[in-house]
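The values are calculated or read from the model by the stated rules, or taken from the named source; none is laboratory data. Just so we're clear, the structure is a prediction, and the values are computed from it rather than from any experiment. Cβ placement follows ideal geometry from the backbone for every residue including glycine, while neighbour counts extend to all protein chains displayed.
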Amino acid sequence: MTSRPVKTVSELCLACGLCCDGSLFGFVALSDEEAERLRGHGLTVDAKGERLGLRLRCGGLQGRCCSLYGERPQGCRTFVCTVARRFEAQALTGEEAMNVVSEAQARIAALGQRLDPPRASDVMQAVRDGQADPQAPFSDSLREEARDTQRFVAQHFFGWS
Ligand code: SF4
Ligand code: SF4
C-alpha cells in the first residue's frame, strides 16, 4: 500500500484520528476541571470506576480532526503514538508513516464490514465489546482477524513487539 507522503506530524494526525475515534483505546481520563470545561463545550463526560473521562469515539472529533484542539485535555496533549514519534525522529519517512496509518484504517474498515450488522465507524469499540461477550456472534475467523488487527495496532502505534 502506498500513501501520499506527509511532511509534518500535524499533517499525519489530520489524516489519521485513530487515537480519538476509539480505534486505539476507548477512554481518555479527565481531571474535574477538564470535565467541567468540556461539558461546557457540549461533550458528554462519562465515568469509569472513580475516574471521569471521555468515552471514544470522542464527541469533539469532526471527521479526523479535533474541534477543540486548543481546549483538549492533558491526556490528549501528552499522547503521541509510536508512528508519530518515529516519524518525528526521522526513523520513518512521511510516506512510511502514512502507509502504516492507511493500513490500520484499511484493516479496521475491513473488520467493520465483517461485523453483524456491518459498520463503518466505532469498529474497534464494537470488536472490544464483542470480545468481552461470549454470546456475541463472532466466528473463530472473525476473532482471529480482530486479534491480528489489534496486534498490528499495538505493534505500530504503541511500539509493542
Ligand atoms: S494515532 Fe498517532 S498519528 Fe494518529 S492521530 Fe493519534 S497521534 Fe496522530
Ligand atoms: S478532545 Fe480532541 S484530541 Fe481529545 S479525544 Fe477528543 S477529539 Fe481527540
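Only a single item in (1) in contact (Cβ under 8 Å) with a residue 60 or more places away in the chain; (2) under 19 Å from ALA29 (Cβ atoms) is not met by THR93, and it is number (2). Looking across segment 1-34, the residues that are surrounded by 20 or more Cβ atoms within 10 Å (Cβ to Cβ) and more than 14 Å from ligand 1 (Cβ to nearest atom) come down to LEU30, GLU34.
If only residues of segment 49-93 that are surrounded by fewer than 18 Cβ atoms within 10 Å (Cβ to Cβ) and small (Gly, Ala, Ser) are counted, the one that is farthest from ligand 2 (Cβ to nearest atom) is ALA91.
Taking the listed residues ARG143, ARG77, the one that is out of contact with any strand residue (DSSP E or B) (no Cβ under 9 Å at 6 or more places or on another chain), free of Cβ contacts under 8 Å to residues at least 24 places away in the same chain and over 30 Å from GLY40 (Cβ atoms) is ARG143, with no other qualifying.
State yes or no: is SER23 in contact with a Leu (Cβ under 9 Å, 6 or more places away or on another chain), farther than 30 Å from THR93 by Cβ, more than 11 Å from ligand 2 (Cβ to nearest atom) and touching a residue at least 40 places away in the same chain (Cβ under 8 Å)? Answer is no for this residue. Among residues of segment 97-116 being within 16 Å of ligand 1 (Cβ to nearest atom) and of a type in the set (S, T, N, Q), the one that is nearest to the chain's Cα centre (by Cα) is GLN105. The set of residues in segment 117-142 being more than 15 Å from the chain's Cα centre (by Cα) and either within 23 Å of PHE27 (Cβ to Cβ) or acidic (Asp, Glu) (or both) consists of ARG119, ASP129, GLY130, GLN131, ALA132, ASP133, PRO134, ALA136, PHE138, ASP140. Inspect segment 56-77 for any residue being at pLDDT 95 or above, at positive phi and not aliphatic (A, V, I, L, M) and give the result as yes or no. No, that holds for no residue.
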